[in-house]
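Inspection log for the structure reproduced underneath, given as structure tokens.
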Amino acid sequence: MKADHPQAVNEAPIEFSATTMAEMNRVIGLFPEGKQKSAILSVLHLVQDEFGWVSVGAMNRVAQILDIQPIEVYEVATFYTMFHLDPVGKNVLEVCRTGPCQLVGSDDLITYIEEKLDIKVGETTKDGMFTLKTVECLGACGYGPMLMCKYQFYERLNKEKVNEMLDAMREASNS
Amino acid sequence: MSRKLLIEHAEVPGIASYETYRKHGGYASVEKALKTMSPDDVVEEVKKSGLRGRGGAGFPTGMKWSFLAKPEGVERHLVCNADESEPGTFKDRYLMEKLPHLLIEGMITSSYALGARRSFIYIRGEFMYVLRILEKAIAEAYANGMLGKNILGSGYDLDLVVTPGGGAYICGEETALLESLEGKRGNPRMKPPFPAVKGLWGNPTVVNNVESIAAVVPIVNEGGEAYAKIGIERSTGTKLISASGNLVRPGVYEIELGLSVEEFIYGDNYCRGIANGKKLKACIPGGSSVPILPHYLVTKTAAGTDRLMTYESLADGGFASGSMLGSGGFIVFDEDQCIVRNTWNFARFYAHESCGQCSPCREGTGWMEKVLYRLEHGTGTLEDISLLEEINKKIEGNTICPLGDAAAWPVAAAIRHFRDEFEWHVKSPQEAQTRNYGLIQAPLEA
């Protein structure tokens with residue numbers, strides 16, 4: 001179910017791990033009494049860290065935790081592009097496609113990864129290992145072409161580096 | 001070689017730790033300000049320095065500070081804009097990653113000047129690893145009595161929090177940033193009221209860029225007048241420039257304002273020229289929102305004088321033949337680059353990033369992207385070029401925030417200087433798919 005479904009609010013909230021809850025309480029505590037909503041982006045990042053994506057059930061739980069209406073979570077989660085609102089692969093490759101990276105070869109990088117993984121932008125590999133996305137400027141313009149995966153930046157990429165990176169990610173996800 | 005006031009120690013091993021930073025003179029501005037200066041004295045020094053906002057708008061920082069409303073019993077805030085997301089700009093990331101304590105020191109000294117006791121650093125979500133570096137540094141600053149209650153026995157208390165965004169260019173606009181910091185969608189607010197009167201949670205708030213806040217440290221240490229002696233005219237001090245595109249040595253450079261563009265692009269201490277022995281085709285000197293310059297207007301102005309890295313010189317000639325210093329996001333194009341493709345690319349960026357609140361921007365950016373896509377992919381018409389100019393006029397000045405202008409101006413500039421290349425895409429669509437147009441001729445040479 002999507003956040004814009006009329007029944008979204010009835011989806012059962014899902015529980016978060018003790019580690020996630022402890023970290024959520026810490027980030028909420030950074031803001032003054034009554035302003036806990038300010039922590040919503042931190043909280044949604046933590047949800048995504050645990051599950052890989054942000055489901056409606058998770059959003060409904062976030063609403064309870066922050067003591068706000070579910071719609072207040074939906075409208076935020078759907079506005080900020082870092083949050084994946086559908087299930088994704090174990091490794092989400094977010095390739096910068098904006099001007100400065102394009103000048104140094106991001107178009108070729110995207111095509112190469114598409115061919116290498118046999119998927120198109122927006123798709124996930126059959127084994128669920130990789131999802132390929134394109135994103136707008138990640139603030140690494142002098143070090144392009146580049147991509148981000150799990151908050152880590154992979155910069156000045158070429159074919160060899162991409163091959164090594166993919167192998168290392170596969171290995172890390174299988175172990 | 002230019003003096004470095006901000007990143008001189010950036011590559012010192014261990015400089016991200018409190019101890020090493022302190023050994024290299026760190027936190028001197030906090031000691032000086034809290035022990036020997038009143039908050040107004042600090043504001044005065046910043047005014048004297050002539051420091052202009054380093055995020056892109058170039059508004060005098062001291063003046064912005066002096067607008068802050070100070071009603072009795074109402075909390076005030078300083079918010080650091082670390083949402084660095086203007087394409088071509090990556091200087092703040094470098095500064096925060098290498099010198100987290102420099103930003104924290106600047107936050108303390110600046111918060112003291114403004115009477116803020118609860119300050120925030122809003123950093124773009126993609127820089128999560130930098131957020132972790134800052135969190136660690138903030139914890140060290142608390143442990144060493146630089147944050148928290150009664151800092152250095154001065155009676156001044158300050159809490160500092162760093163918090164992430166979620167991937168939205170618009171949150172670099174200060175009122176959208178405040179909305180986001182309140183846990184909402186990043187829709188810019190109508191002004192007035194300005195944040196200086198009603199900002200975060202309705203409290204008076206100053207929002208400053210990372211580099212502006214860091215620059216307060218040398219300004220307080222050396223005095224505003226000494227700072228103002230560096231640079232030319234109303235471009236004082238040093239500036240971080242993010243150099244990207246087809247350069248031999250792209251990266252972050254701290255320059256004294258007033259350096260020539262020629263020296264910056266070709267000098268041994270800077271970018272060392274165009275990569276792979278190619279020729280310069282064009283340059284966007286201040287981030288993707290500022291007008292593009294064709295090669296013959298990059299190192300010289302239309303009047304034939306040397307173009308300098310200053311707010312004034314880069315704007316020389318107005319929109320007809322100049323650009324802007326903006327955020328210092330210096331993007332360089334070699335002769336093989338296609339201006340139509342790049343203009344389409346940036347139009348797609350703005351269409352993607354428009355918050356959707358104002359119709360001229362929401363619809364206009366989408367239209368521009370579609371029309372430019374047609375031109376780039378060989379199905380455009382000559383009327384499309386005039387259509388782009390028309391859409392531009394309908395966007396600029398008609399939106400709540402400057403994103404609309406930022407989307408419109410670069411397209412207008414690209415057509416102004418590279419009309420022949422746009423028309424070539426229409427007249428020779430087959431050829432345009434197989435090769436690049438090459439260098440555009442200067443009007444005088446034509």
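Just so you know, all these numbers are worked out from the coordinates, no wet-lab data involved. Small disclaimer: the values here were computed from a predicted structure and weren't measured. A quick note on method: Cβ atoms are made from the backbone with ideal geometry, for glycine too, and the neighbour counts reach across all protein chains shown.
Kirkwood Rh, Cα Rg: Rg to Rh for region B:124-262?
Rounded to two decimals, Rg/Rh equals 1.01.
For the protein assembly as shown, what mean projected area does the convex hull of the alpha carbons give, in nm²? Mind showing how you got there, number by number?
Details: hull surface 111.8 nm².
The Cα convex hull of the protein assembly as shown, projected and averaged over all directions, gives 28.0 nm².
What residues have an amide H closer than 5 Å to that of B:ASP316, excluding those fewer than 5 places away on the same chain, when H is modeled at 1.01 Å from N in the peptide plane?
B:SER323
Could you tell me which of the pairs A:LYS35/B:LYS35; A:LYS37/B:LYS35; B:LYS47/B:LYS198 are separated by over 28 angstrom between their Cα atoms in the structure shown?
On the way: A:LYS35/B:LYS35 33 Å; A:LYS37/B:LYS35 37 Å; B:LYS47/B:LYS198 23 Å.
With Cα atoms farther than 28 Å apart: A:LYS35/B:LYS35; A:LYS37/B:LYS35.
Over the Cα atoms of chain A, what is the Rg over Rh ratio if Rh follows Kirkwood? Don't skip to the answer; put the middle values down first.
Working: Rg = 17.9 Å, Rh = 17.6 Å.
That ratio is 1.02, to two decimals.
Considering only C-alpha atoms, what is the centroid distance from region B:204-248 to region B:342-369, in Å?
31
Over all directions, what mean area does the Cα convex hull of region A:8-77 project, stated in square nanometres?
On the way: hull surface 16.3 nm².
Average of the hull's projected areas for region A:8-77 equals 4.1 nm².
Could you compute the longest span of chain A free of GluC sites (Glu not before Pro) located in DSSP loops and having at most 13 other Cβ atoms within 10 Å, not counting the site residues?
Answer - A:34-175.
Given chain B, what whole percent of its Cα pairs are spread farther than 40 Å? Walk me through the intermediate numbers first.
Working: 19431 of 99235 pairs.
That tail contains 20 percent of the Cα-Cα pairs.
What residue among B:TYR350, B:LEU382, B:ALA414 has its Cα farthest toward the positive end of the dipole of region B:339-434, where the charges are +1 on Lys, Arg and -1 on Asp, Glu, each on the Cβ?
B:TYR350
Where does the protein assembly as shown land at 222 nm, in deg cm²/dmol rounded to the nearest 500, when only DSSP H runs of n ≥ 4 count, each adding -39500 (n - 2.57), divided by all residues? Before the final figure, lay out each step's value.
On the way: 25 runs with 265 residues, N = 621.
Theoretical 222 nm ellipticity from helices: -13000 deg cm²/dmol.
Which whole number of Å³ per residue matches the convex hull of the alpha-carbon atoms in region A:91-174? The partial results should precede the final answer.
Working: hull volume 6.4 nm³, N = 84.
Looking at region A:91-174, the number lands at 77 Å³ per residue.
What is the helix-to-structure angle for B:359-376, meaning the angle in degrees between its Cα long axis and the longest Cα principal axis of chain B, kept from 0 to 90 and rounded to the nearest 10?
Once rounded, the angle reads 50 degrees.
Just want the answer: with Cβ charges of +1 for Lys and Arg and -1 for Asp and Glu, which residue in B:PRO192, B:GLY231, B:ILE213 is farthest toward the dipole's positive end in region B:183-240?
The Cα lying farthest towards the positive end belongs to B:PRO192.
Mind pulling the angle between the C-alpha long axis of helix B:100-114 and the longest principal axis of chain B? Nearest 10 degrees, somewhere in 0 to 90.
Orientation of helix B:100-114: about 70 degrees from the principal axis.
Using only alpha-carbon positions, what ratio does the radius of gyration of region B:241-334 give when scaled by 2.2 N^0.38 Å?
Working: Rg = 11.6 Å, N = 94, 2.2 N^0.38 = 12.4 Å.
Taking the Cα Rg and dividing by 2.2 N^0.38 Å, one obtains 0.94.
Report relative contact order for chain B in percent, whole number only (criteria: Cα-Cα under 8 Å, sequence separation at least 6).
On the way: 918 pairs, mean separation 70.0, N = 446.
Normalised by residue count, the contact order of chain B is 16 percent.
Can you put A:TYR112, B:TYR21 in order of Cβ neighbours within 10 angstrom, beginning with the fewest? Each step should come with its number before you reach the end.
On the way: A:TYR112 17, B:TYR21 24.
The most exposed by this proxy come first: A:TYR112, B:TYR21.
Can you give the mean number of other chain Cβ atoms that lie within 10 Å of the Cβ atoms in peptide A:39-46?
Working: counts 3, 5, 12, 7, 1, 3, 6, 0.
Mean partner shielding for this stretch: 5.
How do B:TRP424, B:TRP344 line up, fewest other C-beta atoms within 10 Å first? Could the numbers behind the result be given before it?
Numbers: B:TRP424 16, B:TRP344 25.
Ascending number of Cβ neighbours within 10 Å: B:TRP424, B:TRP344.
Could you work out, residue by residue across B:238-249, how many beta carbons of other chains sit within 10 Å of that residue's beta carbon, and then give the average as an integer?
On the way: counts 0, 0, 0, 0, 5, 3, 10, 9, 3, 3, 0, 1.
Taking all residues of B:238-249 together, the mean is 3.
Å³ per residue of the Cα convex hull, for region B:286-361? Don't skip to the answer; put the middle values down first.
Working: hull volume 8.4 nm³, N = 76.
Dividing the Cα hull volume of region B:286-361 by its residue count gives 111 Å³.
Can you find, among A:GLY128, B:VAL30, B:LEU257, the residue farthest towards the positive end of the dipole of the protein assembly as shown? Put +1 on the C-beta of Lys and Arg, -1 on that of Asp and Glu.
Selected residue: B:VAL30.
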